[in-house]
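Trainee: If you scroll down you'll find the structure; I have some questions about it.
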Amino acid sequence: MTALPTDAAAVVVDPGAVVSRKRLLFLRNGKSRLGLLILGFFVVVAVIGPWIAPYDPSALGSDVLAPPSGAHWLGTTHVGQDVFSQLLVGTRGVLVVGMIAGVVATALAVLVGVSAGFLGGVADELLSALSNIFLVIPALPLVIIITGRLPDAGGVTVALVLAFTSWGWGARVLRAQTLSLRNRDFIQAARANGESTWRIVWFETLPNLTAVIASSFVATVTFAILSQVTLAFIGVTSISEWNWGTVLFWAQSSQALPRGAWWWFVPAGLCIATLGTAFTLVNFGIDEFVNPRLRMAGASGRSLRRRGIVPRIGFTAVVRDAPRAAAPALVKETV
């Protein structure tokens, strides 16, 4: 009989703590935290922006093309409108269009992609053909045609058109992932237990597709925001609704660059770039959370940098830890 000494400390692992650490892996990623922090800032601005705007964004003023000052933090336009107020009010329109398009497109992608991958057979063929049709429909020309027919089309109309033309790619990705999950052991075990098909889809399949769905949602929101800003910049959508693209439209049409009014277009461009960077960082964080190789590569890189080792391409860093204290010898008892 072999026994450990009585003074050896027992190690007790709390399963709840392990589960909570796994759930917080996404938030422990530096890219994810930074991206969510920037997104949270823009969401707060979108909610309270119209209330804290110092001026009416459409109100004319006597200060024409005034540079940034205490009265106008980001200067004024050629008719005296406050640029800072236009950006604050326009943030809500940008995020509303992106979120509506992201939610609708992601819901359609989940419905079609997961159903096609899980059902198979004729249903898979029909749903795959439907997603292929919507995959080749160009979104921007369709928006231009619809807004030409509907002069009063606002941001919600643009968001719905972008959503109905942007779900095809996400549906194909989800179908492929569902096909790989359909024959896994836990799915077969659920079927053997007599669980219904929709229960298996909702409680067994969808939880394993959460990261893929989140990545598809982030990509769709980013595409919708950039599309809306582009359409507003070229004057396709309504110019009476303020958003960052509308600010750039008036700056371009009023020759802000030749006039040297950099404060009219640079802040809006920085807002678009910062918001796009935030969504990109969140997407990178989701990729590292889903892909074990990326997660381990990021963890090993951070550990090497903490030890003062700079990884280089073509060289493998070898770290030798200090020898640990020898484990206590085992005591043999003879019965």
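Trainee: Given the conditions (1) open to solvent by 30 Å² or more (accessible area, probe 1.4 Å); (2) within 24 Å of residue 120 (Cα to Cα); (3) aromatic (Phe, Trp, Tyr), and given that residue 223 satisfies all but one, which numbered condition is not satisfied?
Mentor: (2)
Trainee: List, please: which pairs have Cβ atoms under 7 Å, are six or more places apart or on different chains, and start with a residue in segment 30-59 that is touching a residue at least 24 places away in the same chain (Cβ under 8 Å) and under 17 Å from residue 244 (Cα atoms) and end with one that is assigned to a helix (DSSP H, G or I) and open to solvent by 80 Å² or more (accessible area, probe 1.4 Å)?
Mentor: 46/92; 49/92; 50/92
Trainee: Now for a separate question. I'd like to check something: does segment 197-209 contain any residue that is modelled with pLDDT of 90 or more, more than 21 Å from the chain's Cα centre (by Cα), of a type in the set (A, V, I, L, M, F, W, C) and open to solvent by 50 Å² or more (accessible area, probe 1.4 Å)? Outline the logic, then answer.
Mentor: Looking only at segment 197-209, we keep the residues that are modelled with pLDDT of 90 or more, and these are none.
No.
Trainee: With the requirement that a residue be under 24 Å from residue 229 (Cβ atoms) and exposed (fewer than 15 other Cβ atoms within 10 Å of the Cβ), what does segment 52-78 give you?
Mentor: 52, 54, 56, 58, 59
Trainee: In addition: Return the only residue of 128, 180 being surrounded by 14 or more Cβ atoms within 10 Å (Cβ to Cβ) and at pLDDT 85 or above.
Mentor: Criteria check complete, one pass: 128.
Trainee: Of these, 91, 77, which one is of a type in the set (S, T, N, Q) and within 22 Å of the chain's Cα centre (by Cα)?
Mentor: Sole residue among the options that is of a type in the set (S, T, N, Q) and within 22 Å of the chain's Cα centre (by Cα): 91.
Trainee: Enumerate the helices (runs of 4 or more DSSP H) found wholly within segment 182-262, keeping only those where 3 or more residues are in contact (Cβ under 8 Å) with a residue 60 or more places away in the chain. Reasoning before the result, please.
Mentor: Working: elements: 185-192, 197-200, 210-233, 244-253, 256-259.
Correct list: 210-233, 244-253.
Trainee: Here is a follow-up. Looking only at helices (runs of 4 or more DSSP H) that fall completely inside segment 1-71, which ones have 1 or more residues that are modelled with pLDDT under 65?
Mentor: Those helices (runs of 4 or more DSSP H) span 15-23, 25-28.
The values are calculated or read from the model by the stated rules, or taken from the named source; none is laboratory data. Model, not experiment: these values are computed from the prediction. Because the Cβ atoms are built from the backbone with ideal geometry, glycine has one as well, and the counts that use them run over all protein chains shown. Quick note on the areas: whole protein, heavy atoms, side chains included, nothing else; ligands and nucleic acids left out. Shrake-Rupley method; radii C 1.70, N 1.55, O 1.52, S 1.80 Å.
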